[in-house]
1. Would you point out the residue of the range 430-444, among those that are at pLDDT below 80 and out of contact with any helix residue (DSSP H, G or I) (no Cβ under 6 Å at 6 or more places or on another chain), that is farthest from ALA128 (Cα to Cα)?
2. Of the conditions (1) crowded, with 24+ Cβ neighbours inside 10 Å; (2) in a loop (DSSP other than H, G, I, E, B); (3) of a type in the set (Ser, Thr, Tyr), THR528 fails just one. Which one is it?
3. For the range 198-216, how many residues are outside any loop (DSSP other than H, G, I, E, B) and touching a Pro at 6+ places or on another chain (Cβ under 9 Å)?
4. Output the number of the condition that TYR467 fails; it satisfies all remaining conditions of (1) surrounded by fewer than 24 Cβ atoms within 10 Å (Cβ to Cβ); (2) in a helix (DSSP H, G or I).
5. Are there any helices (runs of 4 or more DSSP H) wholly within the range 235-340 with 3 or more residues that are at pLDDT 70 or above, closer than 17 Å to LEU573 by Cβ and of a type in the set (A, V, I, L, M, F, W, C), and if so which?
6. Out of ALA224, ALA189, report the one residue that is surrounded by fewer than 24 Cβ atoms within 10 Å (Cβ to Cβ) and within 29 Å of ALA581 (Cα to Cα).
7. So which residues in the range 525-567 are of a type in the set (D, E, K, R) and modelled with pLDDT of 70 or more, if there are any at all?
8. Scan (1) within 18 Å of the chain's Cα centre (by Cα); (2) within 25 Å of ILE79 (Cα to Cα) for the single condition ILE99 breaks and write down its number.
Amino acid sequence: MASDYHTSNSFIQLPENAHRELKPGEIYRPILQPEYKFPEVTTYSVLLGLLMAIVFSAAAAYSGLKIGQVMEAAIPISIIAVGISAAARKRKALGQNVIVQSIGASSGVIVAGAVFTIPALYILKLDATFFQIFFASMLGGFLGILFLIPFRKFFVKEMHGKFPFPEATAITEILVTGEKGGKSAGVLATSGIIGGLYDFCATSLHLWKETFTSRVIPYGEIVAEKLKLLFQLNISAMIFGFGYLIGLKYSLIITIGSFLSWFVLVPLINQIGQIAAGGGANYFATMPPEQIFSLYVRPIGIGAIAMAGIIGIIKSYKVIGNAFSLAVRGFSKKRRATDSDPDSHLRTQKDIKMHILLILIFLTILGIFLFLLLGVNITPTQAIIALITVVVISFLFTSVAANAIAIVGTNPVSGMTLMTLILSSLILTQAGLTGKEGMVSALIIGGIVCTALSMAGGFITDLKVGYWIGSTPIKQESFKFLGAIVSAATVGLVIFILNASYGFTKEDYVKNQNLFTQEELAKIEHKTADEELIKRYEKALNSAEPLVAPQANAMAAVIQPLMSPQAKVDWVLYLVGVFIALFVNWLGISPLAFALGMYLPLPLNTPLLVGGLIHHFIQKGTKDEKLKNARVQRGTLIASGFMAGASLFGVIGALLLFFKVRLYQFVGEWGESVGAEWLSLVMFTLLIIYFVKDTLSAKPDKE
C-alpha cells in the first residue's frame, strides 16, 4: 500500500495479483501508487545510473569480446543500487533505484549490439573509427527506445500475467526486498551467495564442468558419434532460476523446440547424408552433433524466429494500428480524452506524448541517414536504401525482441542480426554496393539494427519493473536516452582501445604487442623474411591471445561471401524454419517460444525445463491457497537470488580474466575430466534439493 510506504518499509511487498492474470474488473495497484508522487529522478539516481552505465559498459564489452558472453548488467546494478541506498540510509529509495537500474542497464544492451557486429570490421581489415562505433550504437539505441514506447502498454499492462518476464521478476524482487529488508532480504542474500558461489566454482574455478553430456555414460560417445544423438544439461544456477520464473508452460515449449532440433533434425541430416552417400563417404560422419546443429539446424531456427516474428506482428496488428491512430490523434487539437487510454491521466501510465515521439523518431531516422551518407561513405541512393532496410527491419523485429524477453528472458538478437545481414547484403549488392564498401555498410546496418533490437528487449524489462513497482514511465523513457549516449560512448572507446591493445586476430595481437619492428613486419608480409624471423613470428602467433569476439567472427564469415553478386544463401533451411513456425502456430503453440528453443543450444534449454517442472510441482503440492502462494513466492525469491548471485560472481570472474588471473590452473586437468562432469550432475542435484527444501519450508503470513 502507498500509505504503508509512507510509514514503514516493512509493509512493502508486491500485490498478490502481480504475477497472475487479472479477473474481470480487477485492477493492479503497484507499490508506489499512482495517486502519490515519490522520489524518482534525482541527482543521486541519475549520477549513480550513469556511473553504472560507464562501469558495466566497459566490463560487458570486455567479457563479450573475450569470452563471447556479454556480462549481465541489470541484475548486478540492481543489487549495487540497493546496497548503496541501504548503506547511505536513504529513505524512499525504491523509485530512485528503478531509475538507477534503468539508466545503468543501457550498458548491457548497447554492448550486446556493438560487440556482435562492429569488431567484424577489424577482423575483415576494415578499420572502424570511434565515431562509427559511437554513432551506430547510439542511433541504434535511440531507435530501439522509440520503437518500443508505443508497445509499452500492450506488453506491460494489457498482457499482465500472460508473460512470465523472468529477468524483470528477479530485478523487481531484488529492488523490493532490498527496500523492505527483514527475513526476505536474508533469503535473497543467502540464495544469492549459494547460487553465485555455485556458478563461480564451475565457471571460474573449474571444480566441476558447466555442462553434463550423455557422452560420459556407457555407449554415449558411440551414440553421439554414429547417430548424432547427444543430450546436454547446463548446470547453471542462473539458468535453473530462469526456468523456475518462466514456469512449466513456456519452459516446456522451448525445450520441445530444442528437442526437435537436436533429437530429430540433427540425426535426420546425418541419416540423409548417409543415404545420399550410397555406400560412399558420408559428408556428416566426421562432424560432431554440435557442428551439424551450428551449420545446418540453427539456420532453420533463425527462419522459424523470423516467421514467428511475422506471425506476432500480424497478431498484434491492432496494437500497431492503435499506435498509428494515437499518433494521428496526437497531432490533432480536437482529440477527445475518451480517444485514449482511460488510465492515461495516471502518473504510472504517462508515456512520452505521441507527437513528441514522432518528432524524435524523425530526427533519429534523419540522423541515421546522415550517418550512413557521411560516416560510411556511400551514395545518397544507397544511403536511402540502407536507411529503409534499417528502419523497416528494426520496427518489425522490435516486438519480436520484446516478446522474446517477456517469455524467456533471452533475446535472439544474434539470429535476427544474422538475418538482417543477409537481407541487407542482398539488397545492397543489387544497389551496386559490393566489396569493402559493401561489407562496411552491411556491418554498420547490422550494428544499428542489432543495437536497436537489443535495446528494445532490455528496455521492456525496465518498463515492466517500473510497472510492477509503480514508477513513472515517461521518466524512465526520457532518461534511458541519457544512458544510451553514455553507454555508446563508453563501448566505442573500449572497443577502440581493446583493438589497439589486443586486436581481434593473432596477427593484430602480435603487431600491437610491438614484438617486431615495422621493417620486420613488412618483410614477413612481403615474404622476404629470413628463416629465423619467420620462426620467431610463428612462435609469437602460437602464443598470441587476441580477443576472440565469437559472434563478430561469425558475422564476418557470413558477410564476406555475401557481398558479391553471386552470393549463395541456404534459403531452403530458412524456409524449413518458416513452415515449422507456421505449423506450430496452427497447433496453438507459441511459435516464438518454440523457435527460440530450436535456435538456442540444447544445454541452455534443458535446465529451463528442470526449473519449470520444480515450479509446477511446488504449485501443485498443496491445495491450501495461502500455503501455495507462500511457497511459490519463496521459490521466486530464491530463484531471483540464484540469478543475482550468479550475475554478480560472473562480474568478478570477468574481472579476474581481465587481469589474467586464471584460478582454474590450480585444479589442473581435473576440470576437463569425466569425474568433473559427473560431479556437475551431483552438484546440480544438491542445488535442486536445497531449492525444493527451502521453498517447502515457507509458511503463510499470519493475518
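The values are calculated or read from the model by the stated rules, or taken from the named source; none is laboratory data. Note that the structure is predicted; figures quoted are calculated from it, not measured. As a convention, Cβ positions derive from the backbone with ideal geometry for all residues, glycine included, and neighbour counts pool all protein chains shown.
1. GLN430
2. (1)
3. So the first thing to find is which residues in the range 198-216 are outside any loop (DSSP other than H, G, I, E, B), and the list is 198-203, 211-216.
Retained after the next criterion (residues that are touching a Pro at 6+ places or on another chain (Cβ under 9 Å)): 211-213.
Total meeting the criteria: 3.
4. Single failed check for TYR467: (1).
5. Counting at least 3 such residues, we get 266-277, 298-315.
6. Working: ALA189 fails: within 29 Å of ALA581 (Cα to Cα).
Going through ALA224, ALA189 in turn, just one is surrounded by fewer than 24 Cβ atoms within 10 Å (Cβ to Cβ) and within 29 Å of ALA581 (Cα to Cα): ALA224.
7. Once the filter is applied, which keeps residues that are of a type in the set (D, E, K, R) and modelled with pLDDT of 70 or more, the range 525-567 yields GLU525, LYS527, ASP530, GLU531, GLU532, LYS535, ARG536, GLU538, LYS539.
8. ILE99 satisfies all of (1) within 18 Å of the chain's Cα centre (by Cα); (2) within 25 Å of ILE79 (Cα to Cα) except (1).
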